[in-house]
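Where a number appears in this text, it was derived from the coordinates with a stated rule and is not lab data. All figures in this text were calculated on a predicted structure; none of them were measured in a lab. All Cβ positions, even for glycine, are placed from backbone atoms using ideal geometry, and neighbour counts span all protein chains on display.
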Amino acid sequence: MRHLLSTADLSYAQANKILDTAKEMARISEGPVKKLPTLRGRTIVNLFFEDSTRTRISFEAAAKRLSADVINFSAKGSSASKGESLKDTAQTLQAMGADAVILRHSASGAAQRLASSHWTTGSVINAGDGTHEHPTQALLDAFTIRKHLRGGTGDLRGLTVAIVGDILHSRVARSNIHLLNLLGAQVILVAPPTLIPLGAEKWPVQISYDLDAVLPLVDAVMMLRVQQERMNDFFFPTAREYSHYYGLNSDRLKLMKPNSLIMHPGPMNRGLEITAESADSARSVILEQVTNGVSVRMAVLYLLLAGAPNEGGDLI
Amino acid sequence: MTDYLIDGGVLAHGKNVQVLISDGRIVEIDRIVSSPNAVNAVRVDARNCLILPGFVDLHTHLREPGREDSETVESGSRAAAKGGFTAVSAMANTFPVADTAGVVEQVYALGQAAGLCDVFPIGAVTQGLAGQALAELGAMADSKARVRIFSDDGNCVFDPIVMRRALEYVKKFNGVIAQHAQDPQLTKDAQMNEGFLSSRLGMKGWPSVAEESIIARDVLLADHVKSRLHVCHVTTSGGVDIIRWAKARGIQVSAEVTPHHLLLTEDLATSYDPMYKVNPPLRTQKDVMALREGLADGTIDVVATDHAPHSAESKECEWQAAAFGMLGLETAFSIVQATMIDTKMMTWSDLADRMSTAPALIGGYSDHGQSLRVGSRAHIAIVNPTRGWQVDRDLVASRSKNTPYHGMEFSGSVVATFFRGVPTVLDSKLVRSNNGN
Ligand SMILES: [Zn+2]
């Protein structure tokens with residue numbers, strides 16, 4: 001494959017290959033020589049139409065460890081809302097010889113649109129498109145779970161993962177649902193009914209409105225960021241009521257299985273969906289998710305781009 | 001004026017005829033016409049063709065004045081002629097809005113100057129389409145454009161008291177309010193039909209209830225004040241049910257369906273290609289089937305194109321940023337044939353009714369939609385149901401190329417169009433010099 005747009009596009013073998021490669025990358029990153037020459041002379045563009053410092057620097061670190069040249073292009077503040085700038089920007093980057101474009105955009109489908117256009121011939125990596133997908137986040141989540149609960153190999157069969165919070169607006173949730181299913185895990189979505197997308201009952205998941213009932217069942221719980229503005233759209237009455245029912249606090253920590261994990265894609269709203277106590281508890285792998293993010297993104301770049309120019313993808 | 005003899009075709013009900021046209025009217029129609037004038041008439045070969053009354057569109061965005069980069073009255077008229085249309089209804093959402101006698105007269109005059117079909121302006125219901133204050137409905141009705149259909153299309157007349165008053169007010173001149181049924185609160189930032197697919201694609205959903213709740217409210221209002229309601233572009237099976245119910249109660253409601261809602265489904269949004277972004281959105285296969293049934297049984301009175309040209313820039317972008325709308329005039333007939341005739345859901349007479357007679361009646365376009373007989377105006381569409389073609393966006397007559405059908409093949413096509421007895425299209429091509437006006 002040439003692009004990474006959605007975890008739904010991945011085969012079981014491809015997903016495992018990425019995770020296995022990420023493990024190698026992690027090993028190298030921990031060694032004395034952190035840098036690989038693999039992508040020397042290749043140009044990778046971080047094209048961010050939406051602010052996300054953490055995702056951008058994670059991709060940047062990954063690309064640099066593979067010796068690629070990195071161009072950061074922040075289109076925020078320009079006429080991103082007018083849309084045509086995606087085409088113009090992509091064509092500009094194409095003229096500059098970009099081998100890969102890492103795209104973050106507020107519009108769902110932007111990465112797929114770019115990949116299927118003639119605006120660029122490079123690989124497109126979706127770094128988050130609207131409320132659609134964020135595939136590398138799901139891959140790093142799977143990598144983290146696998147490392148802790150499966151000794152770093154194989155799939156996630158037999159594990160149960162709860163995704164809690166604003167499923168409706170979450171690209172992280174969508175990417176995780178596809179990937180966790182592909183890898184054999186059970187997924188339970190937990191949220192107030194207003195934040196469960198219409199038709200989600202047809203997704204390969206269980207749905208619950210009751211976090212307390214779900215927590216004892218899970219091997220990992222992913223807490224999603226909840227934006228306070230959602231209150232203004234009547235998704236829930238108050239932040240306090242949301243926290244009361246769906247926040248991960250110290251009382252709820254006690255409901256969890258001994259070896260279960262607490263995860264969060266960040267940035268956290270401490271006090272809203274997660275308390276400091278939970279975020280900083282021994283079960284929390286939130287910081288490690290950040291570390292693993294670099295390894296997983298290295299793996300993705302490596303697998304998409306290593307090989308002859310314009311013939312990337314042989315490796316996946 | 002040149003006389004024309006349409007030779008070798010059949011009428012909608014199957015009768016084989018020759019049609020002799022002189023001075024803008026049908027002067028003889030028979031198996032073999034007997035008039036000596038037939039000898040000198042220009043013969044138009046209609047073998048394997050149906051001879052139908054010229055099509056009438058109740059929902060056309062011609063973009064002039066204001067967005068002449070995407071369409072003009074003239075270019076839209078050419079697209080209409082190619083589609084077999086002899087009358088179109090220009091929607092009011094232009095810049096400036098067609099909410100005064102001045103603007104509607106201008107659009108009407110541009111149509112007459114183009115001379116390829118009648119362009120009947122639709123007047124805005126409210127000033128500036130803002131939904132607050134009624135536009136000068138009476139002045140538009142009394143103008144040279146003789147407006148009878150009023151619509152804020154693009155926007156819903158959402159305030160129930162504004163809608164009620166508009167329905168009442170137009171009774172004076174037998175007008176009709178054409179409602180774009182869309183609850184704006186339920187569709188804020190909406191991108192596509194709400195359901196399993198929108199949830200998967202992460203696009204803000206456009207629930208069918210946003211359409212149906214307005215249709216339900218408006219048929220009740222129309223009943224209450226005993227006025228005429230026309231429902232623009234119905235897209236949901238629930239909407240069809242409500243209209244069926246209303247008609248059974250004797251409420252004066254008519255409704256239209258677009259060719260694209262008869263053919264396409266929301267699944268096309270999976271590509272995130274904004275060519276499929278349209279307002280109201282493409283729905284599910286179940287809705288498509290309900291719309292076809294509704295059109296067949298007469299619950300839905302007419303096919304209307306909602307022809308909506310857009311410049312390349314408004315579609316060459318991500319879905320969310322793209323404009324709503326698709327071209328419709330040049331492909332309408334082929335789609336109706338494919339979805340309604342080839343499926344045996346409708347007869348050719350039904351098609352002539354839904355695409356000509358019924359819309360002309362709703363709009364009060366007395367010159368159009370007449371059955372083809374001696375004395376009637378020669379507004380004629382000649383179609384060949386077995387002459388296939390492939391849609392090519394680079395060959396459209398429209399100024400814009402936003403057709404979702406590019407590359408699609410259809411089995412039937414419009415061969416010729418006569419407007420006031422003069423061919424605007426022959427051999428499926430526009431006739432460059434027409435009557436010399
Ligand atoms: Zn409309």
Sites residue A:96 and residue B:286 - FRET efficiency at Förster radius 51 Å, r taken between beta-carbons, to 0.05: 0.60
Average Cα contact separation per residue, the range B:54-363, under 8 Å, 6 or more apart, as relative contact order %: 17
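R0 = 30 Å: FRET efficiency of residue A:213 with residue A:233, Cβ-based, nearest 0.05?
0.65
Loop by DSSP (not H, G, I, E, B), at most 14 other beta-carbon atoms within 10 Å: where is the longest site-free stretch of chain B for trypsin sites (Lys or Arg not before Pro)? Display every interim value, and only then the final one.
Numbers: sites that count: B:15, B:31, B:47, B:144, B:188, B:226, B:249, B:344, B:373, B:432.
Longest gap between qualifying sites, sites excluded: B:48-143.
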Cα-based equivalent ellipsoid, chain B: semi-axes from gyration tensor eigenvalues, Å: 33, 24, 21
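At 0.36 nm per residue, minus the direct Cα-Cα distance, what do residue B:344 and residue B:430 gain on full extension? Give it in nm, one decimal, please. List each step's numbers first, then the result.
Working: separation 86, 0.36 × 86 = 30.96 nm, distance 3.05 nm.
So the chain would gain 27.9 nm between residue B:344 and residue B:430.
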Under Karplus coefficients 6.51, -1.76 and 1.60, residue-wise ³J(HN,Hα) of the range B:67-73 in Hz, glycine/proline x: 10, 5, 5, 9, 6, 10, 4
Cα-only radius of gyration and Dmax that characterise the range B:247-346, units Å: 14.7, 46
From phi via Karplus (6.51, -1.76, 1.60), per-residue ³J(HN,Hα) for the range A:285-292 in Hz, x at Gly/Pro: 10, 5, 5, 5, 4, 5, 4, 5
Alpha carbon convex hull of the protein assembly as shown, volume per residue in cubic angstrom: 165
Sparse-neighbour loop sites [GluC sites (Glu not before Pro); the range A:212-316; at most 12 other C-beta within 10 Å; DSSP]: A:311
Dipole of the protein assembly as shown [Lys/Arg +1, Asp/Glu -1 at C-beta], most positive-end residue of A:108, B:34, A:31: A:31
Environment charge at residue A:153 (Cβ cut-off 10 Å; Lys +1, Arg +1, Asp -1, Glu -1): +2
Rg to Rh quotient for the range B:199-259, alpha carbon positions, Kirkwood Rh: 1.07
Percent antiparallel among DSSP beta bridges (both partners in chain B, rounded to 5): 50
Cβ-based exposure ranking for B:270, B:86, B:424, in which fewest neighbours within 10 Å come first: B:270, B:424, B:86
Integer Hz, Karplus 6.51/-1.76/1.60 couplings in order for the range A:101-116, x for Gly and Pro: 10, 9, 10, 10, 8, 7, 9, 4, x, 4, 5, 5, 4, 5, 5, 8
For the protein assembly as shown, calculated [θ]222 nm from helices alone, where every DSSP H run of n ≥ 4 adds -39500 (n - 2.57): -9000 deg cm²/dmol
Set of lysines near residue B:247 by C-alpha distance (under 30 Å), chain-local residues within fewer than 8 positions excluded: B:171, B:172, B:226, B:286, B:344
Percent of beta bridges antiparallel (DSSP, the protein assembly as shown, rounded to nearest 5): 30
Restricting the range A:246-280 to trypsin sites (Lys or Arg not before Pro) in coil, as DSSP defines it, with at most 12 other Cβ within 10 Å: A:254
Fraction of beta bridges assigned by DSSP in chain A that are antiparallel (%, nearest 5): 5
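Magnitude of the Cβ-charge dipole of the protein assembly as shown, K/R +1 and D/E -1, about the Cα centre, nearest 20 debye?
Numbers: 74 positive and 80 negative charges, 212 e Å.
About 1020 debye.
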Pairwise FRET efficiency - residue A:198 versus residue B:224, Cβ, R0 = 45 Å, nearest 0.05: 0.85
Neighbour-count ranking [beta-carbon atoms within 10 angstrom, fewest first] of A:178, B:13: B:13, A:178
Cα-based Rg / Dmax (Å) for the range B:105-196: 15.3, 49
Amide H contacts of residue B:85 (H built 1.01 Å from N, under 5 Å, at least 5 apart or other chain): B:55
Percent of C-alpha pairs per 20 Å bin, chain A, short to long: 34, 57, 9
Label point distance in nm, residue A:245-residue A:276, each placed 7 Å from Cα along Cα→Cβ: 2.8
About the Cα centre, charge dipole magnitude for the range B:54-363 (Lys/Arg +1, Asp/Glu -1 at Cβ), debye: 740
Between the range B:150-196 and the range B:14-36, the alpha-carbon center distance in angstrom: 44
